[in-house]
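Each reported figure results from applying straightforward, stated rules to the coordinates on display, with no laboratory input. Remember, it's a predicted structure, so these values are computed and weren't measured experimentally. Using ideal geometry, Cβ is built from the backbone for each residue, glycine included, and neighbour counts are taken over all protein chains shown.
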Amino acid sequence: MSRNLTADLAADLRTRIVDGVIQPGEKLPSENTLINDFGVSRTVVRAALTRLQAEGLVETERGRGSFALTPPADGPPPVPGGRPVATTEDRLHLLAFRMGVETEAAALAARNHTERQLRAVTAALDAFSDSADHPAHAMKSDFEFHRAVAAASGNPFYSDCLASLGQTMIAMPRTRLMTGVEHYARDHFDQVVQEHRSILDAIADRDGAAAAAAMRTHLANSRRRFKASARPSSQ
């Protein structure tokens, strides 16, 4: 019976995470809330969270609660053609794909952007800069920055491509959530802000070559950071 309750609770939370009701980086309901809402014991709640943690959907931090991660397997955002991003290798392939697409989009954005589009890129960067302490907001504004750059290219196919990838093309590494590595995570966050700013500055200067180089550097660094976060020693 307890095992069925555990499975039912895990399935409910899994669905909410995969469907995006609970976004990557968002805190799950507290243990007491889950106990009251589902009429289960604390043991059942902890077993369900342990199961989701083993699936890579949840990260639990003592004293802080449990947080949703980017769904690694059957999450909703497939890349064009329906391919799911299911493994670390898939995520690295996706970053390589983005490097090719978004580097050119940044170059075109530098040449073609309107003032309104430049303001949208700036606003997305400002929102990202202000979201250091809110992982879910950071992920959303990170995506909005890249989508704004694609829109500024003037070619709607770039925008359509990023829209089809969806917000979870931005990985939510555990290091953004772990209190034991707060300084490490903050250093990485500040680095990403600076990388985004370099892209924005080049676009504002209408320097296509610099914008392409800044985007390529950013995504290469994102790939390196993701590989580091995926290693067991960095967990």
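Fully extending the segment from E89 to D160, taken as 0.36 nm per residue of separation minus the present Cα-Cα distance, adds 23.2 nm. Restricted to Cα atoms, segment 5-68 shows a radius of gyration and a Dmax of 10.4, 27 angstrom. Our estimate of slack between T43 and R197, defined as 0.36 nm per intervening residue step minus the Cα-Cα distance, is 50.8 nm.
Taking the charge dipole of segment 88-230 about its Cα centre, with +1 at Lys and Arg Cβ atoms and -1 at Asp and Glu Cβ atoms, the residue from L162, A96, N112 reaching farthest to the positive side is A96.
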